[in-house]
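A.B. asks: Okay, handing you the structure first.
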Amino acid sequence: MNAKWIYSCLLFVAVVFAGCEDKIVETYLGNSPVYMSYADLRNAVKMESARDIENPGKIYFKDNYIFINEVMKGVHVVDVSDPASPNSVGFIAIPGNVDIAIKENVLYADSYIDLVAVDVSDLASVKEVGRVEDIFPYMLPEYDSEYRLGEVDDELGVVVDWEIKKVKREIERNYYPIYYYDSFSDRLETGGSFLTNSGVGGGSGTTFGVGGSMARFGLYKDFLYTVDNSTLYTFRITDLENPQELGSNNIGWNIETMFIYNDHLFFGTTTGMLIYSLEIEQSPKYISRYQHITSCDPVVVQDDLAYVTLHDGGACGRSVNRLDVIEMNDDYSQLTPIASYSMTNPHGLGIDDDVLFICDGDAGLKVFDASDPLQIGSHLLAEFEDINTYDVIPLNDYLFMVGDGGFYLYDYSDLQNITLLSSIPISMAGN
């Protein structure tokens, strides 16, 4: 028996045993994905009867209606033509929805990985009229971190939930999977008039609706802009029912909110405010940046001032809670911070002329006279401490607000007597 033959036999045995050990069946208790098929996802948009608010997200106003996001489920439609008596008229089921924007009678919404266009001219027969498929990143919902993640197969559909159960899988030796994870709730962060003839649900109405400061969807002329954690997406909506994808651009990291004002995009990020010009609508151009320490920061703009709230907690860091006021020159190329004010845990905010509204987390709603930006902190007009607040839309002396407790509608026509006109509480079943 020669040495070469013996070596060949040993090599064969080694390969066989290596092959046997190359695959290992592993069993563990973990998060097993629950899927919704792509076919079901793309046939799910419909109008349903009104339901209780359980997990409210962002808000949007169009004509006489407030649209309240039910996180990852769809949109509550509330008629506020009588501010003292809002009427819930229905629920638009849109799986995976967090953000919306409305132009004329078409509502644009994210639905997991897709953008959908929905005709809302007749609220009795809402219907999907357009869809851009596979435009947004495939992301996983929140899961129980006490357990490992099971394997995800994106060909089976979108992951809508997790089940804790025994998971079996065959893995390669020393192979440890890494999944891209992002909480859908992290997606959680214009023009129109109140009490006009309704465009939504009939009539001509106004062109654009109005979003809050936590929005990531925005409209400008014939364009829709959406932003996720790092990417700006641009769509042409000349044909309202057929949004045309024009491309996407990486604009940084940890993008949270987007606000459109005076032909510019203002992005709130965990490290600062970014400004892009819309001079060329299909290709937004970077202009400047205001940088701050790590925190979450929605932004609103009026005239030459930007108002930015910074709050800590979670991915936002644990260092600062304040309001920053930034002065800007005519072309927004020079940004100068002129004042900062301590807050409890500020989130959304809104500005109407000289009145500044701030959702200060557990500290409630705070209303300031902002006529002198250097003295805002000493000009508190009103404070509502018994609610946890998230975002606001101030419009024509009415304030629409959403928070952990539900939806609130205030009359601020008399700043010395700001009055809660009505509210829609969340369902206790949703807590």
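A.B. asks: So what J values fall out for the stretch 413-419 if you push phi through Karplus, 6.51 cos²θ - 1.76 cosθ + 1.60 with θ = phi - 60°, rounded to Hz, Gly and Pro as x?
C.D. replies: These are the phi-based 3J(HN,Hα) values: 4, 10, 5, 8, 8, 5, 10 Hz.
A.B. asks: Which FRET efficiency value, to the nearest 0.05, is calculated for LYS168 and ASP40 with the Förster distance at 25 angstrom and r the Cβ-Cβ distance?
C.D. replies: For R0 = 25 Å, the calculated efficiency reads 0.45.
A.B. asks: How much accessible area per residue does the stretch 32-89 have, counting only protein heavy atoms and a probe of 1.4 Å, in square angstrom?
C.D. replies: 39
A.B. asks: Near the amide H of GLU54, under 5 Å away, which other amide H atoms are found, from residues 5 or more places off or on another chain, if H is placed in the peptide plane?
C.D. replies: Long-range HN contacts for GLU54: SER427.
A.B. asks: For the stretch 67-173, state which chymotrypsin sites (Phe, Trp or Tyr not before Pro) are in a DSSP loop and have at most 15 other beta carbons lying within 10 Å of their beta carbon.
C.D. replies: Loop-located and lightly packed - TYR138.
A.B. asks: Shifting gears a bit: Considering the Cα positions of the stretch 219-277, please state its Rg to one decimal place and its Dmax as a whole number of Å.
C.D. replies: Looking at the stretch 219-277, its Cα Rg and Dmax stand at 11.7, 36 Å.
A.B. asks: Just flag the trypsin sites (Lys or Arg not before Pro) in the stretch 66-153 sitting in loop per DSSP whose Cβ has no more than 10 other Cβ atoms within 10 Å.
C.D. replies: The qualifying sites: there are none.
A.B. asks: Ranking request for peptides 394-401, 338-345: highest mean number of other beta-carbon atoms within 10 Å first, then the rest in descending order.
C.D. replies: Listed from highest to lowest mean packing, they are 394-401, 338-345.
A.B. asks: Using heavy-atom solvent-accessible surface (probe 1.4 Å) with all chains present, what is the largest-first order of THR271, THR257?
C.D. replies: From most exposed to least exposed: THR271, THR257.
A.B. asks: Same structure, new question: Protein chains only, probe 1.4 Å: how do ASP40, ASP122 rank by accessible area, largest first?
C.D. replies: Result of the area sort, largest leading: ASP40, ASP122.
A.B. asks: Can you give me the long-range amide H partners of VAL355? Hydrogens built in the peptide plane at 1.01 Å from N, cutoff under 5 Å, separation of 5 or more residues or another chain.
C.D. replies: Those lying under 5 Å, H to H, from VAL355 are ALA370.
A.B. asks: Let me ask something else. Accessible area per residue, 1.4 Å probe, Å², for the stretch 324-370: what's the number?
C.D. replies: Value returned for the stretch 324-370: 37 Å² of accessible area per residue.
The values are calculated or read from the model by the stated rules, or taken from the named source; none is laboratory data. The shown structure was predicted, so the numbers you read here are calculated from the model rather than taken from an experiment. Please note: Cβ atoms are built from the backbone with ideal geometry, for glycine as well, and neighbour counts cover all protein chains shown. Accessible surface areas use protein heavy atoms only, side chains included; no ligands, DNA or RNA. Shrake-Rupley method; radii C 1.70, N 1.55, O 1.52, S 1.80 Å.
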